[in-house]
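The values are calculated or read from the model by the stated rules, or taken from the named source; none is laboratory data. All of these numbers come straight from a predicted model, not from anything done at the bench. Every residue, glycine among them, receives a Cβ derived from its backbone with ideal geometry; neighbour counts consider all protein chains shown.
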Amino acid sequence: MRRKPYTEAGIRRRPCTRCGRPAHAQWQICADDRVYRTLCASCDVELNEMVVRWVWGDAREDDLRRYRERVLA
């Protein structure tokens with residue numbers, strides 16, 4: 001269980017927690033005992049889209065589009 005944030009190099013050495021592809025980002029949430037988890041670019045975008053839509057509905061679609069384009073470029 002990882003309690004400290006990964007470095008950029010450390011993230012790249014890890015697989016995505018969800019799908020196993022190479023990681024691109026890390027994520028931490030209270031409900032998961034604040035353990036740092038790594039995510040690939042696709043899973044990171046999917047998670048961000050889900051959370052942003054849950055909080056703001058469809059009011060942030062332009063932000064999500066720009067994020068998706070930047071991360072998946």
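The table for this structure:
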read-out: Conditions (1) at pLDDT 95 or above; (2) surrounded by fewer than 16 Cβ atoms within 10 Å (Cβ to Cβ); (3) in contact with a Lys or Arg (Cβ under 9 Å, 6 or more places away or on another chain); number of the one not met by Glu69; value: (3)
read-out: Checking Asp44 against (1) acidic (Asp, Glu); (2) surrounded by 13 or more Cβ atoms within 10 Å (Cβ to Cβ); (3) farther than 21 Å from Ala73 by Cα, the condition it does not meet; value: (3)
read-out: Residue, farthest from Arg3 (Cα to Cα), within the stretch 23-73, restricted to residues that are among the basic types (Lys, Arg) and not in a helix (DSSP H, G or I); value: Arg60
read-out: Candidate set: the stretch 25-42, residues that are of a type in the set (Val, Ile, Thr) and out of contact with any helix residue (DSSP H, G or I) (no Cβ under 9 Å at 6 or more places or on another chain); chosen: the one nearest to Pro15 (Cα to Cα); value: Val35
read-out: Residue count for the stretch 1-41, restricted to those that are within 29 Å of Ala59 (Cα to Cα), surrounded by 15 or more Cβ atoms within 10 Å (Cβ to Cβ) and of a type in the set (Lys, Arg); value: 2
